[in-house]
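Visitor: Have a look at this one.
The values are calculated or read from the model by the stated rules, or taken from the named source; none is laboratory data. All of these numbers come straight from a predicted model, not from anything done at the bench. Positions of Cβ are generated from backbone atoms using ideal geometry, with glycine treated the same way; all protein chains shown enter the neighbour counts.
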Amino acid sequence: MLRLLHCLMVMGLIASAGYVYDIKYRATGEAQQAQKLRHEIRAEKDRIAAARAQWGKLSSPDRIQDLAARHLKMKSIEPSRFGAIANLPMRPKAGDPIGDILQALPPEAQVNNQDADQAPTGSVGEQ
């Protein structure tokens, strides 16, 4: 009986050692995968930085102006092509649409301020 108990304990220890080894092996694999992803992220950030630097170089105004002058054969803009501010038409005077409607009402529809002060409202009952 004691011998059987010892055998079971040895088998349990071997099984638990195998389980711990499996966990360690998987953890090492996960750590390697994480390191690989960190390396890929760093490489991608470097590629993005290089692309931004190249974009900054390619989109510089001096370079674009030089390319336009060489390839588009455009004439430069002459200052005489622009008009003066004095030549612009005056801005139309904006009317008051609500005031125009009120002015168009007949005199009997217009309320006098003295009548409005004495008129009852919903919050004050008649006396």
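Visitor: Exactly one of these conditions fails for residue 87: (1) under 40 Å from the mean Cα position of the chain (by Cα); (2) exposed (fewer than 10 other Cβ atoms within 10 Å of the Cβ). Give me its number.
Guide: (1)
Visitor: In the set 70, 26, 38, 52, which member is without any contact (Cβ under 8 Å) to a residue 24 or more places away in the chain and either of a type in the set (Ser, Thr, Tyr) or surrounded by fewer than 10 Cβ atoms within 10 Å (Cβ to Cβ) (or both)? Quick ask: steps written out before the conclusion?
Guide: Numbers: 26 fails: either of a type in the set (Ser, Thr, Tyr) or surrounded by fewer than 10 Cβ atoms within 10 Å (Cβ to Cβ) (or both); 38 fails: either of a type in the set (Ser, Thr, Tyr) or surrounded by fewer than 10 Cβ atoms within 10 Å (Cβ to Cβ) (or both); 52 fails: either of a type in the set (Ser, Thr, Tyr) or surrounded by fewer than 10 Cβ atoms within 10 Å (Cβ to Cβ) (or both).
Answer to the check: 70.
Visitor: Looking at 69, 50, 31 in this structure, which one is part of a helix (DSSP H, G or I) and under 31 Å from the mean Cα position of the chain (by Cα)?
Guide: Answer to the check: 50.
Visitor: Every residue in the range 55-66 that is within 33 Å of the chain's Cα centre (by Cα) and either surrounded by 10 or more Cβ atoms within 10 Å (Cβ to Cβ) or aliphatic (A, V, I, L, M) (or both), please.
Guide: Listed by number, the residues that qualify are 55, 58, 60, 63, 64, 65.
Visitor: Could you pull out the residue among 34, 51, 84, 43 that is at pLDDT below 95 and not charged (D, E, K, R)? Steps first, please.
Guide: Numbers: 34 fails: at pLDDT below 95; 51 fails: at pLDDT below 95; 43 fails: at pLDDT below 95.
Just one listed residue meets the conditions, 84.
Visitor: Let me ask something additional. Scan the range 111-118 and tell me whether some residue there is surrounded by 10 or more Cβ atoms within 10 Å (Cβ to Cβ) and either assigned to a helix (DSSP H, G or I) or touching a residue at least 12 places away in the same chain (Cβ under 8 Å) (or both).
Guide: no
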